[in-house]
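Just so it is clear, none of the values below were taken in a lab; they were calculated from the coordinates. Owing to the predicted nature of the structure, the values given are computational and were not obtained by experimental measurement. FYI the Cβ positions are ideal-geometry reconstructions off the backbone, even for glycines, and counts take in every protein chain you see.
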Amino acid sequence: MRAAVITTDPSEPIRVEEISEDVESLYKAVGSDFQIISIRGLNALMILAEDGKLRDFELNRRASNLAWWFESISSGDYIAGNILLTGGYTENGELADLSDASITAINELLEELPEGNGSAA
């Protein structure tokens with residue numbers, strides 16, 4: 001699946017990668033057991049470390065800003081650790097590729113939000 005990787009380092013550009021959808025690959029990508037939340041306005045899913053805050057993973061300001069902007073997390077919450085953004089689910093219930101339109105929207109939005117530097121290519 002085609003996914004955007006947003007790390008905790010705001011100076012690191014957002015990368016678009018092909019990532020296997022199996023549990024082991026997703027675990028490796030976020031460094032932990034994971035949860036999936038919907039980013040409604042982007043037709044995207046965010047895969048994040050389920051216990052990132054408990055394990056003291058670093059704040060991911062860019063991921064938090066996206067989740068706050070689209071009201072996917074409460075204003076007092078935040079995302080800790082590296083995340084993946086994928087498309088929604090396919091008809092078969094598999095994770096879909098992140099669309100070019102979503103990648104463009106992410107880049108434009110992050111440029112406008114605080115600490116929103118870096119772009120997907």
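Observations, loosely collected:
- Two-decimal ratio, the range 32-108, of alpha-carbon radius of gyration to 2.2 N^0.38 Å: 1.07
- Counting 0.36 nm for each residue step from S20 to E91 and taking away their Cα separation leaves a gain of 23.8 nm.
- Part-to-part distance (alpha-carbon centres) for the range 1-47 and the range 78-95, which is given in Å: 6
- For S20, the shell of other residues with beta-carbons less than 12 Å away shows a net charge of -4, using +1 for Lys and Arg and -1 for Asp and Glu.
- R0 of 22 Å, Cβ-Cβ distance D9-D56: FRET efficiency to nearest 0.05: 0.85
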